[in-house]
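The values are calculated or read from the model by the stated rules, or taken from the named source; none is laboratory data. Computed from a predicted model, the values in this text were never measured in an experiment. Because the Cβ atoms are built from the backbone with ideal geometry, glycine has one as well, and the counts that use them run over all protein chains shown. With ligands, DNA and RNA removed, areas are computed over all heavy atoms of the protein, side chains included. Shrake-Rupley method; radii C 1.70, N 1.55, O 1.52, S 1.80 Å.
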Amino acid sequence: METLVEYAGPADSGGPVARLTLNSPHNRNALSSALVGQLHQGLRDAAADPAVRLVVLGHAGGTFCAGADLSEAGGAAGRSGSPPTSPYDMAVARAREMTAVMRAIVSSPLPVIGAIDGHVRAGGFGLVGACDIVVAGPRSTFALTEARIGVAPAIISLTLLPKMSARAAARYYLTGTTFHAAEAAEIGLVTMAVDDVDAAVAGLVADIGRGSPQGLAASKALTTAAVLEGFDRDADRLSEESARLFVSAEAREGMLAFLQKRQPSWASSPDV
């Protein structure tokens, strides 16, 4: 099987850290079933290693993560049983797979640092929001463009809305405009905007590495309890809402317009 998430443990990293690197640049680190499965396994491997105090989630290539791999047809459900029988069922399965990987990051007993110096789109935001600390470099760009193609940032709201300010969420959910690391830090999406991601992460690793496993796990749990309550309360509803939007006629028009590089039928100006 192709390795889409590189794992480097303490023996390789030279510190109390497991590094997980999204390494599927050919499709902008899209969240295929294979990549998601390997990310889950990497989180489990890190949690099982007593030498690991924290996880750093990084990326290869110019994009951190572009979101779901829309080229897959039902692959999300293939690992858990028979394939879904309708586009809606397939969309629900993909949404639930995304929800599961975000929850795995949030619920991990290990602190997870996101190390980003590239583009973040769609489901990539969900990973960013799930991380405990996020460092963003000068090449980072962010845009929530779902409304422009007839859908919404539904399931990724599970990790975004607890982190972003309400005013910023409304602005960027509705406008779809691109913003950069400094703005992302100002609105709470990332922890810090820096010129040197590696140096900033090294400092965080050194600081967190002083913590005990018990102390780190208990401290993280205090910061994630409300987020996990949100998952338990809203994940199924938002997965179904995401799927309903995804299979709608309006979304089909939006995605087709995007692929054909034209305005969708509802566009009000050439800039939309």
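Using the Cα gyration tensor of the range 126-272, with a ≥ b ≥ c the square roots of its eigenvalues, what is the shape: rounded (a/c below 1.5), prolate (a/b larger than b/c) or oblate (neither)?
Verdict is oblate for the range 126-272.
What is the set of long-range amide H partners of Val134 at a cut-off below 5 Å, with H atoms built 1.01 Å from backbone N?
Gly114, Thr191, Met192
Please give the contour-minus-distance gain from Ala218 to Ala48: 0.36 nm per residue of separation, less the Cα-Cα distance, rounded to one decimal in nm.
Here the answer is 59.5 nm.
For q values of 0.22 Å⁻¹, compute log₁₀ I(q)/I(0) with the Debye formula on a Cα-only model of the range 83-153, without solvent.
Debye curve over Cα of the range 83-153, log10 I(q)/I(0) at q = 0.22 Å⁻¹: -1.03.
For the chain, which whole percent of the accessible surface, found with a 1.4 angstrom probe, sits on carbon and sulfur atoms?
After summing per-atom areas, the C and S share lands at 55 percent.
Which net charge results for the neighbourhood of Ala8, defined as the other residues with beta-carbon distances under 13 angstrom from its beta-carbon, given Lys and Arg at +1 and Asp and Glu at -1?
-3
With a/c under 1.5 counting as rounded, go ahead and sort the chain into rounded, prolate or oblate using the C-alpha gyration tensor (a ≥ b ≥ c being the square roots of the eigenvalues; past the cut-off, prolate if a/b is larger than b/c, else oblate).
prolate
Taking the Cα atoms only, what angle lies between the long axis of helix 33-48 and the longest principal axis of the chain, rounded to 10 degrees?
The angle comes out at about 20 degrees.
Could you provide, to the nearest whole Å², the per residue accessible area of the range 114-272 with probe 1.4 Å?
That works out to 50 Å² per residue.
With a 10 Å radius around each residue's Cβ, average the other Cβ atoms per peptide and rank 5-17, 139-151, highest first.
139-151, 5-17
Can you tell me how the range 158-205 classifies by the Cα gyration tensor, rounded, prolate or oblate, using a/c under 1.5 as the rounded cut?
Cα axes put the range 158-205 in the prolate bin.
In whole Hz and in residue order, list the ³J(HN,Hα) couplings for the range 236-246 that follow from phi through the Karplus curve 6.51 cos²θ - 1.76 cosθ + 1.60, θ = phi - 60°; x for Gly and Pro.
These are the phi-based 3J(HN,Hα) values: 5, 4, 6, 5, 5, 5, 4, 5, 4, 5, 4 Hz.
How big is the dipole moment of the range 3-162 about its Cα centre under a simple scheme where the beta carbon of each Lys and Arg is +1, that of each Asp and Glu is -1, and everything else is neutral? Debye, nearest 20, please.
200
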